[in-house]
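Report on the following structure.
Nothing in this text is a laboratory measurement; each read-out follows from the coordinates by a stated rule. Predicted model, so just to flag it, every value in this text is computed and none were measured. FYI the Cβ positions are ideal-geometry reconstructions off the backbone, even for glycines, and counts take in every protein chain you see.
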Amino acid sequence: MSASGGSRAIIAAFLANMGIAIAKFIAWFLSGSASMLAEAIHSVADSGNQLLLLLGGRRAKRSADRAHPFGYGRERYVYAFVVSIILFSVGGLFSIYEGIDKLTHPHELENVWIPIGVLLVAIVLESFSLRTAVKESNRVRAKGQSWVSFVRHAKAPELPVVLLEDIAALTGLVFALIAVSLTAITHNPVFDAIGTLMIGTLLILVAITLGIETKSLLVGEGATDADHERIVDAILAGPEVHKLIHIKTLYLGPDELLVAAKVGFAADDSLARIASDINRIEDRVRAAVPTARVIYFEPDIYRPGDDPTPPTSDFVIKSAD
């Protein structure tokens, strides 16, 4: 994901949510609708989330230092995880609390046309925000890749977070519109309370999904299968390496991949030749996978007939053709 693309989607979502939040609070104040209050809190939480994503992207650009020799790229994952926690605690739990309160203390809505009008406008604005997120995501989404796969496997967390937030926002707005409309038609405030509970449940489900996916990035993910194969092929593409003994990869940040490999060279190769060969191999790897910016190769001596260590899930033993 390009930084500018992700930032555009985040800023679009932030501006939309701030305007919508103000309108929702006004509509709640004039109508007393619990669904409107839940949606207003949802928009405020989303606005805070987008500010956190922007802050995480800014802090991740700091240069590496002695305390963090591989840089701060993974700080974007930390802020994305915090976003999921905020969406859960501020948005979901508050909405459920408000829904339960309105079930136990129901009251008639006033000026029902105001929240309905605000919800309709909010649906239009959120649709534009989602359209921007989809457009930016399509720039980096692999051809034929499903949206579920994109959200689950994207290494840059911002676009999946904004996508899920916008989808949850639109779904929540539909819930609120249905609940307020039914309350206005039947004069039964229970529908408004049920709508609030549905919004809270939706937010919690989205937050759990975001938390699970971001946790995997925080723990540390390796290259995708396609990039892994490209790296292996690039290492073995030339005559330098006789055997790739094992290789490990790790994302240091959304745009920076660490590659570490143990490679077998001929027993009679000189140190100077091995150093030159490693430089050429690194160039091929970076050309094949541009995000492979940190590369370490451990040279080993390869003798025909050697019985290598049996491969495990962490090892790839492959000879050059």
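Ignoring trypsin sites (Lys or Arg not before Pro) that are buried or in helix or strand per DSSP, and keeping those with at most 10 other beta carbon atoms within 10 Å, what is the longest stretch of the chain between them? Segment 144-321 is the longest. Around the Cα centre of the chain, unit charges on the Cβ atoms of Lys, Arg, Asp and Glu (plus for the first two, minus for the last two) sum to a dipole of about 580 debye. Within the chain, helices built from complete DSSP H runs that reach 20 Å or longer along their own axis (Cα positions) and carry a mean Kyte-Doolittle hydropathy of 1.6 or higher are 158-186, 190-219.
The mean sequence separation of alpha-carbon pairs under 8 Å and at least six residues apart, normalised by the residue count of the chain, gives a relative contact order of 20 percent.
Computing Cα extents along the principal axes in Å for the structure here picks out one of (1) 89, 38, 34; (2) 64, 44, 30; (3) 50, 49, 39, namely (1). Put simply, the amide H of L257, placed in the peptide plane, has neighbours under 5 Å in L252, A292, R293, V294, leaving out anything fewer than 5 places away on its chain. Pairs exceeding a 26 Å alpha-carbon distance, out of K155/K248; K215/K262; K61/K215: K215/K262. Our summary gives region 147-297 a relative contact order of 20 percent, counting only alpha carbon pairs under 8 angstrom and 6 or more residues apart.
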